[in-house]
Amino acid sequence: MKRQATWRRAWGLLRDFRYEQSDPARFYGALAVDTAEMVDALAGTGGAVVLDVGGGPGYFADAFARRGVRYLAVDPDAGELRAAGLAHRTTVRAAGEALPFADGSVDVCLSSNVVEHTPRPWEMADEMIRVTRPGGVIIISYTLWWGPFGGHEMGLTHYLGGHRAAARYTRRHGHPPKNFYGESLFKVTAAQGLAWARSARGASLLGAFPRYLPRWMWWVLKVPGVREVAATNLVLVLRRDG
């Protein structure tokens with residue numbers, strides 16, 4: 001993964017982030033390709049069974065299939081599943097906190113940009129460990145609240161507070177934001193994720209890094225406070241004990 005963490009890649013991902021709401025196919029299509037590359041670099045996915053927790057409207061399925069991955073996804077939101085009008089050949093409607101899969105049934109369990117939309121994210125993370133086979137890999141990537149993208153479509157106004165940002169967005173656009181603070185968007189920090197990962201039952205932390213930053217900027221993760229703003233998105237990589 002270190003070889004892929006270039007400034008060109010980082011700039012492309014950050015540039016596409018502004019299209020999350022206006023052109024979701026552009027944003028999520030590019031993110032899906034990058035995610036498949038990242039997971040392959042971290043876990044070696046050829047022929048693997050990958051479970052994507054919070055798979056959303058289906059952009060990721062084809063990106064993983066092109067790499068020979070047997071891809072499964074879960075998502076609790078029927079509206080989100082229909083959002084792009086894509087086929088959901090291997091998607092199950094279910095909550096991440098109660099995954100409908102047997103213990104140790106997948107090789108890789110992934111969650112990309114879901115933690116911040118979950119009221120009980122670390123219960124979901126525990127479930128991800130449970131369904132991963134011994135020796136398998138768990139990858140959790142999420143947006144940090146105090147980073148510049150923490151408010152999602154509400155932009156930097158989330159620094160005024162989640163509810164104020166939502167009210168400001170509603171006044172400006174005439175409708176509430178898709179990600180409403182306290183209902184579908186929550187304040188999650190790097191410190192919380194690192195604390196969970198270091199004490200996770202049944203898995204060992206292999207590494208953590210800022211997803212959208214080039215390798216030479218990964219040092220920000222070592223500095224409390226600074227990492228909450230500068231890291232923007234944290235990736236946690238764990239291996240299932242066994």
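All of 207, 225, 193 fail the test of being surrounded by fewer than 21 Cβ atoms within 10 Å (Cβ to Cβ) and in contact (Cβ under 8 Å) with a residue 12 or more places away in the chain, apart from 207. Evaluate the following for residue 49: is it modelled with pLDDT of 90 or more, of a type in the set (A, V, I, L, M, F, W, C) and open to solvent by 20 Å² or more (accessible area, probe 1.4 Å)? Criteria met by residue 49. The set of residues in the range 57-76 being in contact with a helix residue (DSSP H, G or I) (Cβ under 7 Å, 6 or more places away or on another chain) and within 10 Å of residue 32 (Cβ to Cβ) consists of 59, 60, 63, 64. Taken across the range 126-135, residues that are acidic (Asp, Glu) and either in contact with a Lys or Arg (Cβ under 9 Å, 6 or more places away or on another chain) or in contact (Cβ under 8 Å) with a residue 24 or more places away in the chain (or both) do occur, with at least one present.
Going residue by residue through the range 74-94, is there one that turns out to be at pLDDT 90 or above, farther than 20 Å from residue 200 by Cβ and surrounded by fewer than 15 Cβ atoms within 10 Å (Cβ to Cβ)? Scanning the range 74-94, I find no residue that is at pLDDT 90 or above, farther than 20 Å from residue 200 by Cβ and surrounded by fewer than 15 Cβ atoms within 10 Å (Cβ to Cβ), so the answer is no.
So, in the range 52-65, of the ones that are part of a loop (DSSP other than H, G, I, E, B) and modelled with pLDDT under 85, which residue ends up surrounded by the fewest Cβ atoms within 10 Å (Cβ to Cβ)? Within the range 52-65, the match that is surrounded by the fewest Cβ atoms within 10 Å (Cβ to Cβ) is 57.
Conditions tested, residue by residue: (1) within 15 Å of the chain's Cα centre (by Cα); (2) farther than 17 Å from residue 228 by Cα; (3) of a type in the set (Asp, Glu).
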{"position": "125", "(1), (2), (3)": "yes, yes, no"}
{"position": "139", "(1), (2), (3)": "yes, yes, no"}
{"position": "153", "(1), (2), (3)": "no, yes, yes"}
{"position": "157", "(1), (2), (3)": "no, no, no"}
{"position": "163", "(1), (2), (3)": "no, yes, no"}
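Could you give every pair whose Cβ atoms fall below 6 Å, whose first residue belongs to the range 86-115 and is more than 19 Å from residue 43 (Cβ to Cβ) and polar (S, T, N, Q), and whose second residue is crowded, with 16+ Cβ neighbours inside 10 Å and modelled with pLDDT under 95, counting only separations of at least 6 or pairs across chains? Sorted first by the residue in the range 86-115, then by its partner, the pairs are 91/55; 91/73.
Say whether the condition of being touching a residue at least 60 places away in the same chain (Cβ under 8 Å) and hydrophobic (A, V, I, L, M, F, W, C) is met by at least one residue in the range 166-186. Yes, the range 166-186 contains at least one residue that is touching a residue at least 60 places away in the same chain (Cβ under 8 Å) and hydrophobic (A, V, I, L, M, F, W, C). Scanning the range 164-190 for residues that are in contact with a Phe, Trp or Tyr (Cβ under 6 Å, 6 or more places away or on another chain) and open to solvent by 40 Å² or more (accessible area, probe 1.4 Å) returns a single hit, 187. The residue that is nearest to residue 74 (Cα to Cα), counting only those in the range 121-161 that are open to solvent by 20 Å² or more (accessible area, probe 1.4 Å), modelled with pLDDT of 95 or more and not in a helix (DSSP H, G or I), is 133.
Can you tell me which residues in the range 95-109 are hydrophobic (A, V, I, L, M, F, W, C) and surrounded by fewer than 16 Cβ atoms within 10 Å (Cβ to Cβ)? Selection gives 98, 102.
Would it be correct to say that residue 239 is touching a strand residue (DSSP E or B) at 6+ places or on another chain (Cβ under 6 Å), of a type outside the set (A, V, I, L, M, F, W, C) and within 13 Å of residue 138 (Cα to Cα)?
yes
The values are calculated or read from the model by the stated rules, or taken from the named source; none is laboratory data. Quick caveat, the model's predicted, so the values are computed rather than measured. For neighbour counting, all protein chains shown are included, and Cβ atoms are generated from backbone atoms with ideal geometry for every residue, glycine included. For the accessible areas, the whole protein counts, side chains as well, though only heavy atoms, and no ligand, DNA or RNA atoms are used. Shrake-Rupley method; radii C 1.70, N 1.55, O 1.52, S 1.80 Å.
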